[in-house]
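Student: Pasting a structure below so you can have a look.
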Amino acid sequence: MSLSFFYMSLNDILTWFDVAVSIAVVIFILFLWHYIIYFFIAIKKVQVLPHQDKFNKFGILIPARNESNVISNILNSFRAMDYPKDKFDVYVIVETKDDPTIEIVKEFGFNYIVRGDLTNRRTKGYALDDAYHYLKDNNLKYDAYMVFDADNIIESDYLQKMNDVKNAGYQVATGYRSFTNAKKNWVCATSATLFSFMNQFTARGRSHLFEKATLTGTGYYIDANIVDDAGGWIWNGMTEDVELTTYCYYHNIRMKYYPYAKYYDEQPEKVGVLHKQHIRWVWGFLANKDKFKYSGKFYEPRSKWTKRLSMFEYKLSIIPFIILCVTLSLSSFAALVTAIAAVFFEPENVSVIFNHFIGQFFSLYAIFFFVALFTIMIDRKNLHFGFFKSLVVALTYMFFFGDFFLAFFDGLFHKAKRTTWKKIEHTGDITDEAAKESQNG
């Protein structure tokens with residue numbers, strides 16, 4: 001028996017989803033114009049800043065709770081650093097006096113800071129705040145603080161190039177985040193592709209258009225005056241890098257992404273570790289950012305119009321992209337359910353409805369495929385993917401990105417996962433040849 005009314009109801013649902021997708025596409029085109037510009041900026045060569053002989057003094061801060069298995073790599077990088085030795089000091093931040101990391105730091109001749117009261121202060125931002133106050137209490141003065149993670153490796157000219165950026169007048173800056181293990185497995189490769197996109201498109205585009213950047217947790221410096229004006233390291237939530245980026249936008253701080261300064265970061269090798277990171281990032285992105293609106297000294301913007309445009313871009317961020325992806329996903333799911341229902345009620349219409357599902361699904365799939373492929377092509381000299389790995393990453397990038405949606409719901413139903421800082425384990429494995437050379441000095 002034909003249930004035409006039921007079928008028409010399902011068909012009407014698909015029609016409404018088509019309307020929703022059309023609206024989402026219009027929103028995407030109208031409000032994500034800056035990403036179109038970013039694509040053209042990505043293929044443009046970044047200007048090399050002039051070298052100056054004025055050497056700023058950097059305080060290097062490395063939060064390293066129980067990181068004895070990887071800390072040697074970054075300390076070896078600083079021992080081989082091509083920068084005046086009296087113009088930077090390295091401080092490794094630990095939580096207890098019995099952390100074996102301390103003995104390794106002593107062997108390298110660098111400094112360590114043991115934190116005090118850890119009650120409700122277990123995030124990376126609080127570790128940096130403790131280090132800042134330790135330096136202030138001991139009258140140790142620096143022109144800027146530079147933050148790294150224990151698993152990083154730094155090229156020998158990193159401080160010199162960041163010094164050139166600071167001498168050019170930028171108050172906060174970050175270099176190119178490369179990868180120690182991008183080719184090791186699928187998880188590492190897809191994660192590296194995401195960071196490469198953030199390097200080549202988001203950070204480079206914001207730097208070029210607005211004198212802003214995207215801080216991703218490590219590899220950046222910040223003028224000491226900014227921390228002083230804020231009253232300490234006040235960016236201490238689950239995603240302190242997002243908080244600091246927000247602070248820089250609100251307070252008109254000049255930022256720079258400088259790809260010629262390069263450091264290396266270890267990517268997660270297991271899906272579980274990757275998922276843990278994604279929960280932190282998703283909920284950090286959704287956190288209230290307006291709390292940093294009036295929390296320190298305001299700097300005069302070079303252009304009020306540029307400031308307004310940059311704030312609009314930052315607040316909007318990838319929301320139109322998320323709306324488009326969610327709408328296409330729901331529309332695809334609705335089409336699939338309708339096709340299954342049609343098998344029982346209107347078999348003659350199954351192929352038409354299923355083709356509708358295929359069209360919606362592959363529209364979503366194509367977005368992620370081409371974004372990943374274009375990113376890999378633009379950044380092939382750093383990712384070092386062969387043809388087969390590039391193809392695999394591009395073909396599966398949508399499924400990797402889908403974990404962000406799983407992370408949202410995981411954090412939604414498990415509050416502890418989005419509010420409790422959990423250490424990310426590092427292996428210290430290095431597969432990238434350039435990273436090996438930097439690690440060996």
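The values are calculated or read from the model by the stated rules, or taken from the named source; none is laboratory data. Treat the numbers as computed from the prediction; the structure is a model and nothing was measured. Here the Cβ positions follow ideal geometry from the backbone for every residue, glycine too, while neighbour counts run over all protein chains shown. Ligands, DNA and RNA are stripped out before the accessible areas are found, and what is left, the full protein with its side chains, is counted by its heavy atoms. Shrake-Rupley method; radii C 1.70, N 1.55, O 1.52, S 1.80 Å.
Student: Plugging the Kirkwood radius over Cα pairs into Stokes-Einstein for segment 89-200, at a temperature of 20 °C and a viscosity of 1.002 mPa s, what D comes out in µm²/s?
Tutor: On the way: Rh = 16.7 Å.
The calculation lands on 129 µm²/s.
Student: Once the Cα gyration tensor of segment 346-441 is diagonalised, what are the square roots of 5 times its eigenvalues, in whole Å and ordered largest first, as equivalent ellipsoid semi-axes? Provide the component values of the computation, followed by the final result.
Tutor: Numbers: eigenvalues 258, 126, 17 Å².
Whole-Å semi-axes of the equivalent ellipsoid: 36, 25, 9.
Student: Can you return the lysines within cross-link range of residue 389? Criterion is Cα-Cα under 24 Å, with same-chain partners fewer than 8 residues away left out.
Tutor: By straight Cα distance, residue 389 reaches 183, 184, 262, 270, 381, 436.
Student: Ignoring ligands, DNA and RNA, please state the percent of accessible area on the chain from carbon and sulfur, probe 1.4 Å.
Tutor: Numbers: 12320 of 20090 Å².
Carbon-and-sulfur percentage of accessible area, whole number: 61.
Student: Where a Cα-Cα gap under 22 Å defines reach, which lysines qualify for residue 304, not counting those fewer than 8 residues away within the same chain?
Tutor: In chain and number order, the partners are 212, 256, 289, 291, 293, 315.
Student: Next up: Pairs of lysine in segment 1-158 with Cα under 13 Å and at least 8 positions apart or on different chains: total?
Tutor: Count of close lysine pairs: 6.
Student: Related question: How large is Rg over Rh for segment 373-427, taking Rg from the Cα atoms and Rh as the Kirkwood inverse mean of 1/r across Cα pairs?
Tutor: Radius of gyration over Kirkwood radius for segment 373-427 works out to 1.15.
Student: In whole Å, how far is the Cα centre of segment 164-185 from that of segment 213-259?
Tutor: A separation of 14 Å, based on Cα centres.
Student: Additional query: Of the listed values (i) 23.1; (ii) 19.4; (iii) 27.3, grab the one calculated as mean projected area of the Cα convex hull in nm² from the structure here.
Tutor: Only one listed value fits the structure, namely (i).
Student: Another question, if that's okay. Which value, in Å², gives the accessible area per residue of the chain when a 1.4 Å probe is used on the protein heavy atoms? Kindly include the intermediate steps, with their values, before the conclusion.
Tutor: Working: 20090 Å² over 441 residues.
Per residue, the chain has an accessible area of 46 Å².
Student: What are the principal axis extents of the Cα atoms in segment 271-394, in Å, biggest first?
Tutor: Principal-axis extents of segment 271-394 (Cα, largest first): 68, 38, 33 Å.
Student: Further question: In segment 233-296, what trypsin sites (Lys or Arg not before Pro) fall in a loop by DSSP, with at most 16 other Cβ atoms inside 10 Å?
Tutor: Listed in order of number, the matching sites are 270, 293.
Student: Still on this structure: How much mean residue ellipticity at 222 nm does the chain get from its helices, if each DSSP H run of length 4 or more adds -39500 (n - 2.57) and you divide by all residues, to the nearest 500 deg cm²/dmol?
Tutor: -17500 deg cm²/dmol, from helical runs alone.
Student: Could you give the DSSP H helices of the chain that reach 30 angstrom or more along their long axis (alpha carbon positions) and whose average Kyte-Doolittle hydropathy is no lower than 0.5?
Tutor: Span-like helices, by this rule, are 4-31, 319-345, 350-378.
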